[in-house]
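Let me begin by presenting the structure, written as structure tokens, before commenting on it.
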Amino acid sequence: MTQAVWTLVLVPAALYLAGVARSRSPWPVGRTAAWLAGLGCLAVALTGPLAATHGDLRAHMAAHLLLGMVAPVLLVLARPSTLLLRALPAPAARRVSRGLRTAPVRVLTDPFVATGLNAAGLWLLYGTGLLTAMLHSPGLHLLVSVHVLLTGWLATAAVLALDPIGHRRGVVARAVALAAGAAAHDVLAKALYAAPPAGVTGAEAGAQLMYHGGTVVHVLVAALLWRQWYRSRATVRDAERAALPTPA
Amino acid sequence: MTAADPGRPDRRRLLVSGLLFGLGAAGAIDEIVFHQLLHWHHFYDRASGAAGLVSDGLLHAATWSATVAGLALLADVRRRRSFAADTWWGAVLVAAGAFQVWDGVVHHKLLRLHQVRYGVDLTGYDLAWIGAGALVLVAGVLLLRRARTRSAPGAPAP
């Protein structure tokens, strides 16, 4: 079990560092730090005390926030696809770039589709008996955890669109998709509080942690999204033109 | 065109920024004052059922998203030198007041999702809640009208 977790952490870390070493242009150290910190969240969530207390919803939610929300933000900020394109030889990079623009990838990385998938996965986990089953099976626990990480990552990547993936929608569409995902998360947290799943302890505190912790990360992602808009070339140029005094 | 007299698209952006921020501020005040400080409102009260859960979750996400978006637009409007205090504050008050009235009338009274306070006679609380919202809304409308007459073409220079 632990071995599988360490493989999930160490292999991506090694691949990323190899990519940085081969990158054609200097790679900002902050992105490498974000990648390693994201993988660190994964290790903390899946090993140690958070993973050991299975029936406690507080520990489960702390792990869920790290896996499904904090780690995805850090992994997105690390821009792994951009690094891949810079590290690969040009012909291979062109093939990857074409792959990133194919129809299935474009559909999956649409912010509404990605956010919907993320929310649907969470509703499946907490709305059915899956949570109770997962608490008693280490294999299922790892599988569900990886799914939570991947769908959270996909949704965050689609909203922030930092990597060259598919088609990038405008800031308003992405902000609305993010808000819709946050609403689904909030409603789910309150539903868990109202009717906790069978066989868990600390349900009320766990649900509140999910709600408030989720809000903090959603506000952070919204701030990153709007900062990106504020600093985008088109918005800056527009503002500079508007700020010029009009000729008399 | 001066700083206090924004052009048409800029004025629209200024209004949208104020409206979004006002909506977010009303939601944040409700959350901070009535949930966290007074404890009159609860994370979940057993009586409100599924509709209350859904509307709470939607509003919570909408108000926080509106706050961030409103502040980003405000930063952009200031950078464009089209910020006008009366227009922006007017929009903030209109949105916050409208939200408060809508919350008081639709959520509390028509849908009965939750109440201002529990275990007391509600008449005074409801009147205060909706009345305060209406006052803020009217103040906002007055501010916006003043801003409009001042920047209207042909108006005497301030």
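Find the residue count for the stretch A:218-248, including only residues that are among the small types (Gly, Ala, Ser) and facing chain B (nearest Cβ under 9 Å). Residues meeting the conditions: 5.
Filtered by the rule that a residue be farther than 21 Å from residue A:203 by Cα and crowded, with 17+ Cβ neighbours inside 10 Å, the stretch A:118-146 gives A:118, A:142. Scanning the stretch A:183-217 for residues that are at the interface with chain B (Cβ under 10 Å from one of its Cβ atoms) and over 19 Å from residue A:119 (Cβ atoms) yields A:204, A:208.
Using the structure shown, decide if residue A:70 is among the β-branched types (Val, Ile, Thr), surrounded by 19 or more Cβ atoms within 10 Å (Cβ to Cβ) and in a helix (DSSP H, G or I). Answer is yes for this residue.
Residues in the stretch A:43-61: is at least one under 30 Å from residue A:126 (Cα atoms) and within 14 Å of the chain's Cα centre (by Cα)? Within the stretch A:43-61, not a single residue is under 30 Å from residue A:126 (Cα atoms) and within 14 Å of the chain's Cα centre (by Cα).
Just so you know, all these numbers are worked out from the coordinates, no wet-lab data involved. Here the structure is a predicted model, which means the values were calculated and not measured. Neighbour counts run over all protein chains shown; Cβ positions are idealised from the backbone, glycine included.
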